[in-house]
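Q: I'd like to ask some things about the structure below.
Read the figures in this text as sums done on the coordinates, not as results from a lab. Since we're looking at a predicted model, the values are computed, not measured. Every residue, glycine as well, gets a Cβ built from its backbone with ideal geometry; the counts of neighbours run over all protein chains shown.
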Amino acid sequence: MVNSIRELEVLISRLLTFGVFLSIFFVSIGVGLYLMQTGGLTLALGDEWFLKGETVFDVLSNIIGKLFSWSDLSFVFMSMGILLLMLTQYIRVIMSVIYFIFIKDWKYVAITLAVSIILTLSLLNILRAG
């Protein structure tokens, strides 16, 4: 349990740092595998390189399916790194809401809560363009 503002700040900082470094780790593995598979870093951007799915859960399901089928592991690891980096920022917004509640800054609670709602709706594909 977090007992002080400083402990909460340290927790948020560590979560973000861990998320970013884990993301870099996955992307680095993916780039390394791609380099070993192709002998170069020239990407031919075809449809197979796009993260596909209606929601973030669909994208994650597709990535996990490819991971367990051992198909295109370079794509899987790079995709996992990018998805993890996106989710790290989502967690940052959620943690910011908690932080602002903890310090009783209601103006920023409202602002970050609105941002987190918009991000959540976007990740679940409830907000659709057009």
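Q: Using a Gaussian network model of the chain with C-alpha springs under 10 Å, which one of ILE111, ILE91, ILE24 is most mobile by mean-square fluctuation?
A: Maximum fluctuation in the GNM of the chain, among the listed residues, is at ILE111.
Q: Separate question: If I model a spin label as a point 7 Å beyond the Cα along the Cα-Cβ vector, how far apart are those points for PHE25 and ARG6 in nm?
A: About 2.9 nm, to one decimal.
Q: Still on this model: Given points 7 Å out from each Cα along the Cα-Cβ axis, report the THR42 to LEU73 separation in nanometres with one decimal.
A: Calculated label separation equals 2.5 nm.
Q: Another question, then. P(r) for the range 5-123, please, calculated from all Cα pair distances in 10 Å bins and given in %.
A: Bin by bin from 0 Å, the calculated values are 13, 34, 28, 17, 7, 0.
Q: Multiply the residue separation of SER13 and GLN89 by 0.36 nm, subtract the distance between their alpha-carbon atoms, and state the gained length in nm to one decimal.
A: Additional length available on full extension: 26.2 nm.
Q: Also, quick follow-up: Taking θ = phi - 60°, what integer Hz values does the Karplus form 6.51 cos²θ - 1.76 cosθ + 1.60 yield along the range 66-77, in sequence order, with x for Gly and Pro?
A: 5, 5, 6, 8, 6, 9, 6, 4, 4, 4, 4, 5
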